[in-house]
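Participant: Below: one structure in structure tokens.
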Amino acid sequence: MQNLKEYYQRYPLQSILWMALAIRLLAAFFSKGYGFHDDHFDVIRVAQNWLYGLPHWLESPLPPKHSMPYAAVNAGFMWVAQALGLHDPIHKTTFLRIIHAFYSLLTIYYAYRITEQISTVKSAIKVGWVLCVLWFMPFMSVRFMAEMVCIPPILAGFYFILKSGADTRNSLKNALIAGVLFGISFTFRMHVVLFAGALGIVLLFEKRWKESLFIILGFVFCITLTIGLPDYWYFEYPFQYIVYYFTYNGANAYNYITSSPFKFLLTTFGFLVPPVSLMLMMGYIKSRKIAPHLFWAVLLFFIVHSTFPNKQERFILPMFPFLIIMGVAGWSYFRESSSFWQRKQRLERGCWNFFWWANVIAALALALTYSKKDRVAPIHYLSGKPELTSLIVESGTNKLKQVPVYYLGRMAADYNDFEKGDVLGMNDFKVNKRHLKDSFPFVFTLRADQEVSELRDQMQSVNKVPNYVIFKGRENLEGRMAKVNELFPSQKLILEREIEPSLFDKLLRVLNPRRHRDKVALIYRLIDEKH
């Protein structure tokens, strides 16, 4: 124990990184499934389809609304996983989460180094620990989220800008590196251009013209390689992805989750855990003179996202490391000059003690959470069934969440996606009838408001006869089974397995039943009556 204490005193940053890695590896191994629609269907599914040789997205006349380079990076790591003998879909995503766990340590590293430059080592240590155990950080760090993956390069870019101010001999080189890093971050998540834009305005006010120019050169060079050339090769013109992304989101601003302009203020207050969140927000307000580059970057990012109608909490995730850096540094500065907080040091320690305990408990709980288990586990269970021909997912309601077909562990398609053709790169399969092979199963969906005849027509159009059915939930199960039996009058349904939602999914349903309707999954096999 004494040796650990001495190691921590000598190497605080390394100690924080070791602890952060331990919690994130827990999440990598135990937090299976996926957190959001995008981190599965617009990253993992795309990457795996590319490995199958499907030109997912690439047959479409328009570029996707998501980062192709990030999907390509994941495809590369999935290829490595397969070369190492990891073919099970769960094993491959676990491998990717481990990679993301190590990569996410760069967020803590650069946040620590930035805080060192603008404040004190004591503040840097606190920033490191906050990012290490903040309740959502370990869980989100191993998700395949562009909003999280963009954070290390944008933080590193700001680090090199601050470094260029202190090292005038290498200022242009550092500015060029920062520009490239901003470009990498932009490639993953375009909204981070707001950080870089605010930084550029501050640099112009400081009359740092050459550095601003070199940042732009590095940025343009990077996005030309990662976005411009691929768009020219696969679509109509360079940077079409950027144009399409912003025009689409502008036109569909009200078609997603909308809310009050104050939503993200309340989100920030809650995500940073009160009462410490109030201290950090006060610290940020007081930090303008400490590091104006960071202050204005956070402010512009926050204002734009607060005024834009589409408000999903994950959109502001890239802001939190910056806000924590500025909050801790600014609060330290403010507290030293506050007679009230000088007298109330026990109160401050109590607030922080509550913060640490609450976050450690929540972070560990989330790290052990199997998210979307009721959707992932049934499909993965069927991946071990070589006799599977196709399957039906029956919802019992008028809605059904998109099925994560990836977890079948073989080339397959959701019929609804297959109909879209060019989006999934399925046109060749349609023209050459490759989808008719026995090794290519389909996933059909059956909603409560859907006629059996419609499903029968779908099955006949691709010449597939399912031999497994997944029922979501037990409500009115007999009536729903009778509906399926209309399709297969000479067969009977035999229950093979029941899969309950994870405790986390159940909790989400209790907290918000309108948005979270996760149910038990009942897996049935269709067999001939004579058996």
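Participant: With θ set to phi - 60° and the Karplus curve 6.51 cos²θ - 1.76 cosθ + 1.60, what are the ³J(HN,Hα) couplings of the range 338-347 in order, to the nearest whole Hz, using x for Gly and Pro?
Facilitator: Values, residue by residue: 9, 5, 5, 6, 5, 7, 10, 5, 5, 5 Hz.
Participant: Roughly how many whole Å is it from the C-alpha centroid of the range 123-143 to that of the range 233-285?
Facilitator: Taking the Cα centre of each part, the range 123-143 and the range 233-285 sit 20 Å apart.
Participant: At 222 nm, what helix-only mean residue ellipticity would the chain give, in deg cm²/dmol to the nearest 500, using -39500 (n - 2.57) for each DSSP H run of four or more?
Facilitator: Numbers: 26 runs with 312 residues, N = 531.
Mean residue ellipticity, 222 nm, calculated: -18000 deg cm²/dmol.
Participant: Report the gain in length on full extension from Phe30 to Thr247: 0.36 nm times residue separation, minus Cα-Cα distance, nm rounded to one decimal.
Facilitator: Gain on extension, Phe30 to Thr247, equals 74.2 nm.
Participant: Pop the C-beta distance of Asn3 and Ser337 into the FRET formula with R0 = 41 Å and round what comes out to the nearest 0.05. Each step should come with its number before you reach the end.
Facilitator: Details: r = 39 Å, r/R0 = 0.94.
Here the calculated transfer efficiency is 0.60.
Participant: Using only Cα atoms, what is the ratio of the radius of gyration of the range 412-451 to 2.2 N^0.38 Å? Let's see the in-between values first.
Facilitator: Values: Rg = 11.3 Å, N = 40, 2.2 N^0.38 = 8.9 Å.
That ratio works out to 1.26.
Participant: Across the range 192-201, in residue order, what do the Karplus-derived ³J(HN,Hα) couplings come to in whole Hz, using 6.51 cos²θ - 1.76 cosθ + 1.60 with θ = phi - 60° and x for Gly and Pro?
Facilitator: 5, 4, 5, 4, 5, x, 5, 4, x, 5
Participant: If the chain between Gln450 and Asp438 were fully stretched, how many nm would it gain, using 0.36 nm times the residue separation less the Cα-Cα distance? Present the calculation step by step, with values, prior to reporting the outcome.
Facilitator: On the way: separation 12, 0.36 × 12 = 4.32 nm, distance 2.66 nm.
That pair, Gln450 and Asp438, stretches by 1.7 nm at full extension.
Participant: In the range 184-285, which trypsin sites (Lys or Arg not before Pro) fall in coil by DSSP and have 15 or fewer other Cβ atoms within 10 Å? Could the numbers behind the result be given before it?
Facilitator: Details: sites: Arg189, Lys207, Arg208, Lys210, Lys263; in loops: Arg189, Lys207, Arg208.
Answer in residue order: Lys207.
Participant: Oh, and also: Take every Cα pair under 8 Å in the range 73-190 that's 6+ residues apart, average their separations, divide by the length, and report that relative contact order as a whole percent. Spell out each step's value before the answer.
Facilitator: Details: 107 pairs, mean separation 25.8, N = 118.
In percent, rounded to a whole number, it is 22.
Participant: Continuing with the same structure: Using the Cβ atoms and a cut-off under 15 Å, what net charge is assigned to the surroundings of Ala28, where Lys and Arg are +1 and Asp and Glu are -1? Before the final figure, lay out each step's value.
Facilitator: Working: positive: Arg24, Lys32, Lys92, Arg97, Arg143; negative: Asp39.
Result for the local shell: +4.
Participant: In Å², what does the accessible area per residue of the chain work out to with a 1.4 Å probe? Show your work: numbers first, answer last.
Facilitator: Numbers: 24370 Å² over 531 residues.
With all protein chains present, the chain gives 46 Å² per residue.
Participant: For the chain, which longest stretch is free of loop sites, where a loop site is one of the chymotrypsin sites (Phe, Trp or Tyr not before Pro) that DSSP puts outside H, G, I, E and B and that has at most 12 other Cβ atoms within 10 Å? All intermediate terms of the calculation are to be shown ahead of the outcome.
Facilitator: Numbers: sites that count: Tyr254, Tyr256, Phe262.
So the longest stretch without any such site is 263-531.
Participant: Name the long-range amide H neighbours of Glu496: under 5 Å, sequence gap of 5 or more, or other chain; modelled H, no Pro or chain starts.
Facilitator: Long-range HN contacts for Glu496: Ile523, Tyr524, Arg525.
Participant: With viscosity set to 0.692 mPa s at 37 °C, what whole-number translational diffusion coefficient in µm²/s follows for the range 232-289 from Stokes-Einstein and a Kirkwood radius over Cα pairs? Kindly include the intermediate steps, with their values, before the conclusion.
Facilitator: Details: Rh = 14.9 Å.
My calculation gives 220 µm²/s for D.
Participant: While we're looking at this one, here's another question. Could you check the simple spin-label distance between Tyr103 and Leu225, using points 7 Å along Cα→Cβ, in nm with one decimal?
Facilitator: 1.6 nm
Participant: If you average over every viewing direction, what projected area does the convex hull of the Cα atoms of the chain give, in nm²? Please report the intermediate quantities before stating the final value.
Facilitator: Numbers: hull surface 112.7 nm².
Average projection, Cα convex hull of the chain: 28.2 nm².
Participant: When a/c is below 1.5 the answer is rounded, else prolate if a/b is larger than b/c, else oblate, so apply that to the range 322-372 with a ≥ b ≥ c taken from the square roots of the Cα gyration tensor eigenvalues. Could you put the intermediate results ahead of the total?
Facilitator: On the way: a/c = 6.21, a/b = 2.10, b/c = 2.96.
Oblate shape, in that a/c is at least 1.5 and b/c is the bigger or equal ratio.
Participant: Using θ = phi - 60° and the Karplus curve 6.51 cos²θ - 1.76 cosθ + 1.60, what whole-Hz ³J(HN,Hα) does each residue of the range 302-307 get, with Gly and Pro shown as x?
Facilitator: Each residue's phi maps through the Karplus curve to give 5, 5, 4, 5, 6, 8 Hz.
Participant: Same structure, new question: Just check the range 327-478 against the gyration tensor rule for me: Cα atoms, a ≥ b ≥ c as the square roots of the eigenvalues, rounded for a/c under 1.5, and otherwise prolate or oblate depending on whether a/b exceeds b/c.
Facilitator: Values: a/c = 3.57, a/b = 2.85, b/c = 1.25.
Prolate shape, in that a/c is at least 1.5 and a/b is the bigger ratio.
Participant: Past 30 Å, Cα to Cα: identify those pairs from Lys65/Lys399; Lys173/Lys263; Lys399/Lys420; Lys385/Lys420; Lys65/Lys430, in the order given.
Facilitator: Details: Lys65/Lys399 24 Å; Lys173/Lys263 40 Å; Lys399/Lys420 19 Å; Lys385/Lys420 27 Å; Lys65/Lys430 25 Å.
Exceeds cut-off: Lys173/Lys263.
Participant: Answer rounded, prolate or oblate for the range 308-405, using the Cα gyration tensor with square roots of eigenvalues a ≥ b ≥ c: rounded when a/c is under 1.5, else prolate when a/b is larger than b/c, else oblate. Before the final figure, lay out each step's value.
Facilitator: Values: a/c = 4.14, a/b = 2.76, b/c = 1.50.
Because a/c hits 1.5 or more and a/b exceeds b/c, the range 308-405 counts as prolate.
Participant: Excluding residues fewer than 8 places away in the same chain, name every one of the lysines whose C-alpha is closer than 16 Å to that of Lys492.
Facilitator: Leaving aside lysines fewer than 8 places away in the same chain, those within reach of Lys492 are Lys483, Lys530.
Participant: Expressed as a whole number of Å, what is the distance separating the alpha-carbon centroids of the range 34-92 and the range 387-441?
Facilitator: Centre-to-centre distance over Cα atoms comes out at 16 Å.
The values are calculated or read from the model by the stated rules, or taken from the named source; none is laboratory data. Predicted model only: the values in this text are computed from it and were never measured. Because the Cβ atoms are built from the backbone with ideal geometry, glycine has one as well, and the counts that use them run over all protein chains shown. Heavy atoms of the whole protein, side chains included, go into the accessibility calculation; ligands, DNA and RNA do not. Shrake-Rupley method; radii C 1.70, N 1.55, O 1.52, S 1.80 Å.
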